[in-house]
1. May I ask you to verify whether residue 197 is within 16 Å of the ligand (Cβ to nearest atom) and on the phi < 0 side of the Ramachandran plot?
2. Check whether at least one residue in the stretch 222-230 is within 22 Å of residue 132 (Cα to Cα) and in contact (Cβ under 8 Å) with a residue 24 or more places away in the chain, and report yes or no.
3. What's the total number of residues in the stretch 204-219 that are surrounded by fewer than 23 Cβ atoms within 10 Å (Cβ to Cβ) and touching a strand residue (DSSP E or B) at 6+ places or on another chain (Cβ under 7 Å)?
4. Does the stretch 341-351 include one or more residues that are part of a helix (DSSP H, G or I), in contact with a strand residue (DSSP E or B) (Cβ under 7 Å, 6 or more places away or on another chain) and touching a residue at least 24 places away in the same chain (Cβ under 8 Å)?
5. With the requirement that a residue be part of a loop (DSSP other than H, G, I, E, B) and away from the ligand (no atom under 16 Å from the Cβ), what does the stretch 286-333 give you?
6. Got at least one residue in the stretch 243-250 being within 14 Å of the ligand (Cβ to nearest atom), surrounded by 15 or more Cβ atoms within 10 Å (Cβ to Cβ) and under 28 Å from residue 74 (Cβ atoms)?
7. Where residues in the stretch 74-91 are within 9 Å of the ligand (Cβ to nearest atom) and assigned to a helix (DSSP H, G or I), which of them is surrounded by the most Cβ atoms within 10 Å (Cβ to Cβ)?
8. Here's a check for you: in the stretch 254-285, which residue that is under 27 Å from residue 336 (Cβ atoms) and assigned to a loop (DSSP other than H, G, I, E, B) is nearest to the ligand (Cβ to nearest atom)?
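The values are calculated or read from the model by the stated rules, or taken from the named source; none is laboratory data. On a predicted model such as this, the values are computed, not experimentally measured, just so you know. In this analysis, Cβ positions are derived from the backbone assuming ideal geometry, glycine residues included, and neighbour counts consider all displayed protein chains.
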Ligand code: FRU
C-alpha cells in the first residue's frame, strides 16, 4: 500500500543530495545505498526486538521506491480528486512509498515542501506547481540532484524535467470558444457581452485557456468582452466578487467563461443573487462528476470540459521510468465537452 504523509519535517536548508556523477548510473548507486540500509535495518532488528520490523522505518525500507508528490493545495475540489487519484494508483503498487505534501496554495510553502522532499532523497519527484516562475528554481534544484521530476498540470520555466503530464489547455480553450460562439448565435453571427474570469495569472493553464478561447471568439465582431484580464485565482469566492461588480456595471451580460468550474459557479451564484442567472450562459472547465457535471445537470452551468487529473497517470509514468522504461517528454490527457445532452449519462456512469 502506498502511504500518504504530510511533509516530513527534516528541517530547512539547502539540499545536500550527493551522488557520484561518474558512476555508471545513480540508480544503481541508489539501490546499493538502499540495500545497505536494509542490511542495517535487519541487523538492528536482530539485535533489538522484532517490534522494529513492524515499525514505520522498517516499513519504509521494504519499499523499492520512495516517491514524493508536492501538491499545490488540497482545498479545491479538483485538487482533492487529484490526490484521491494518485493515492488510489499508489495503492496498486505495494513496492512504493508515496509522500504527499500540501503547499497550502502558497509558493513559499510549496518551495519548502520540494526542498524537503529533495532532502529526503526521493527516487522521483512529482510536482503540480502553484505557479510557473516561483517553482522553477526548486524544480531545477531537484533536477540538479539527479532526481527525475514529473511536472503535473501546471508547467515550470525549465525544460529539464523528465516528463510533463497534463491536459491540453489551448485545445480546451478553443473548444470552449467554439461552444460560446454557438451559444451566441453561430459562426459569423455570434453576438453578445462576455465576461471571462481568469485563473491564476502566473499559470500556463490560465493563459492557454484564454488564448485558445480568443483564437475562436475574436473572429466574431459581434462579441464584446466586458472585463480586462481579471483573475479569480481559480477560486469561487473571488469569481463571485468579480461577477457581482460586472453585474453592477453592465446591464447586459450574455455569457461567462470561467477558467474552471468553481469560478463559473461563483459567477452563477452572483447572478442568481440579483435574479439575472437565467439570462446568462455559464461555461467552466474541470468537469468533475460530483461538481461540474452535477452543476450542468442541474442547469446551473451551461457546459463544462473535462480536465482529467494527472494523479494516476503521473504516478504510473514515474514508476515506469524508475523501473527502467523510457517515457515520453509530454503526456497529454484527453478532454470531453459536457452539456445537458450527456451530463445525466456521465453521472449515471459514475454511480451518481
Ligand atoms: C485547481 C485548479 C483546477 C484547474 C487547475 C488548473 O487548483 O484550479 O480547477 O483546472 O487547477 O491548473
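1. The answer is yes for residue 197.
2. Within the stretch 222-230, one or more residues are within 22 Å of residue 132 (Cα to Cα) and in contact (Cβ under 8 Å) with a residue 24 or more places away in the chain.
3. So the answer is 1.
4. Filtering the stretch 341-351 down to residues part of a helix (DSSP H, G or I) leaves 341-349.
Within this subset, residues satisfying the condition of being in contact with a strand residue (DSSP E or B) (Cβ under 7 Å, 6 or more places away or on another chain) are 346.
Within this subset, residues satisfying the condition of being touching a residue at least 24 places away in the same chain (Cβ under 8 Å) are 346.
Within the stretch 341-351, one or more residues are part of a helix (DSSP H, G or I), in contact with a strand residue (DSSP E or B) (Cβ under 7 Å, 6 or more places away or on another chain) and touching a residue at least 24 places away in the same chain (Cβ under 8 Å).
5. Passing the criteria: 298, 299, 300, 302, 323, 324, 325, 326, 327, 328, 329.
6. The initial filter retains those residues of the stretch 243-250 that are within 14 Å of the ligand (Cβ to nearest atom), namely none.
No, the stretch 243-250 has no match at all.
7. 82
8. Restricting to residues being under 27 Å from residue 336 (Cβ atoms) and assigned to a loop (DSSP other than H, G, I, E, B), the top hit is 260.
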